[in-house]
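**Q** Following this message is one structure expressed as structure tokens.
The values are calculated or read from the model by the stated rules, or taken from the named source; none is laboratory data. The shown structure was predicted, so the numbers you read here are calculated from the model rather than taken from an experiment. FYI the Cβ positions are ideal-geometry reconstructions off the backbone, even for glycines, and counts take in every protein chain you see.
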Amino acid sequence: MDMLGGLTASEFLRDYWQKKPLVIRQAFPDFQCPVSPDELAGLACEEAVESRLILEEDSGKPWQLHNGPFTPERFSQLPEQDWTLLVQGLDHWVPDVADLLEPFRFIPNWRLDDIMASYAPRGGSVGPHYDMYDVFLLQAQGHRRWTFGGHCDHTSPRVDGTPLRILSSWDGEQTVTLAPGDMLYLPPGIGHHGVAEDDCITLSIGFRAPTLDDLLTGFTDYLSQHAKASEHLNDPDLTIQDNPGTISPDVIDRLDSVIREQLGDRRNLALWFGQFATAPKSLDIVVPADEPATAEDLTEAIHAGEQLRWNEGSRFAYHELDNETALFVDGEQYLLKGDAQPLAPLLCAAARINMAELTKFTGDDALLGLLTTLYNQGSVYFE
């Protein structure tokens, strides 16, 4: 793949993914940034958009963080250099930015976090730090100098007096300057520090894995909502104990059996994880259609050749079960059987759905009803 500097996707995953950094010159040749600094500032003034300002020095304090939304006047009060504006989830709001995700589809949909934009004038930076997720840093405008290398974790020394996780004693191992179209891949835990050499925009394509705490809490919460969760632990074979204060091995064995029975249901685990992994990051963008459509409306539009695509904030995935396929869209599950099963991989393959293949499913009233539901809840729309 040209985007990976001539590496195939398999070679990249084998040799670099979660292993070591990779600098890719002209991953996106002749790249033109889809947004301007003024547009990023405008988005940062919106209530629904997550944004942050980071100042290297603010009233004598190092690396200070300010959360949006901001007023337009706030930007006129900033110094000429040494600050950064971060706009999270830019792909949710700008279709041209969302399109940048398509070349990255060799990584599963459920691993995607979002695309963050970082604008900085000369000297702007968010400080030396590390992240616990995989990220591709695409230079979109101007130039940024990156120093990176060395594994960091929670024991790495940090700067005091700042809410940010700024590394206090870190030198890095390699330094490169990225121009528009260049890209740097960093695995989790690798220290890095980017400094703007001129007015620049960097797009961070982030891929996040859930923590074990997220998984354990989420799955047990899911199990606790099942009807069986209201049943009480029973002990019909209770016997006399020498000491009433003893918790006998039989009790622990019974607890172990009950918990394993619940946790061991792979179907439950798959259905929960599909919903968990596709829950939209932004509830403000996956909103119902202004004018609900009927099944007939969708049939007419599909046969007219209109292009159906995902909402930029929506998440699609599927899982093959024994005799059915579970489709997951924005935290909801839909179980497909028989001839309907191929619809799931078709809907999940790309943000722009293959309309020639989708037309084959419009003769099934149930599947047409599913497509209508996805449209009306805002998960898909016609371009």
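**Q** So, in the stretch 158-186, exactly how many residues are within 19 Å of ILE54 (Cβ to Cβ), without any contact (Cβ under 8 Å) to a residue 60 or more places away in the chain and either among the aliphatic types (A, V, I, L, M) or not in a loop (DSSP other than H, G, I, E, B) (or both)?
**A** Count: 2.
**Q** Out of the residues in the stretch 250-280 meeting the condition of being farther than 19 Å from THR217 by Cβ and charged (D, E, K, R), tell me which one is surrounded by the most Cβ atoms within 10 Å (Cβ to Cβ).
**A** Checking each candidate, the answer is ARG254.
**Q** Can you tell me which residues in the stretch 229-249 are outside any loop (DSSP other than H, G, I, E, B) and surrounded by 10 or more Cβ atoms within 10 Å (Cβ to Cβ)?
**A** Passing the criteria: only ALA229.
**Q** Moving to a separate point now. Which one of these does ASP99 not meet: (1) under 29 Å from THR175 (Cβ atoms); (2) within 16 Å of the chain's Cα centre (by Cα)?
**A** Against the list (1) under 29 Å from THR175 (Cβ atoms); (2) within 16 Å of the chain's Cα centre (by Cα), ASP99 comes up short only on (1).
**Q** Going through SER51, SER118 one at a time, which residue ends up being within 30 Å of THR8 (Cα to Cα), of a type in the set (S, T, N, Q) and modelled with pLDDT of 95 or more?
**A** Unique residue meeting the criteria: SER118.
**Q** Moving to a separate point now. Report those strands (runs of 3 or more DSSP E) wholly inside the stretch 306-383 carrying at least 2 residues which are in contact with a Gly (Cβ under 8 Å, 6 or more places away or on another chain) and crowded, with 19+ Cβ neighbours inside 10 Å.
**A** Correct list: 316-320, 324-329.
**Q** Now, a different point. Just checking, how many residues over the stretch 182-196 are small (Gly, Ala, Ser) and surrounded by fewer than 23 Cβ atoms within 10 Å (Cβ to Cβ)?
**A** Of the residues in that region, 2 qualify.
Matching residues to (1) acidic (Asp, Glu); (2) touching a strand residue (DSSP E or B) at 6+ places or on another chain (Cβ under 9 Å); (3) surrounded by 15 or more Cβ atoms within 10 Å (Cβ to Cβ); (4) in the same structural domain as LEU346 (by TED's automatic domain parsing):
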residue	(1), (2), (3), (4)
TYR16	no, yes, yes, no
VAL23	no, yes, yes, no
GLU50	yes, yes, yes, no
PRO72	no, no, no, no
PHE75	no, yes, yes, no
GLY89	no, yes, yes, no
ASN109	no, yes, yes, no
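**Q** Of the residues in the stretch 25-40, how many are in contact (Cβ under 8 Å) with a residue 60 or more places away in the chain and surrounded by 15 or more Cβ atoms within 10 Å (Cβ to Cβ)?
**A** 9
**Q** So in the stretch 197-213, with the set limited to residues that are touching a residue at least 12 places away in the same chain (Cβ under 8 Å) and outside any strand (DSSP E or B), which one is surrounded by the fewest Cβ atoms within 10 Å (Cβ to Cβ)?
**A** It comes out as ASP198.
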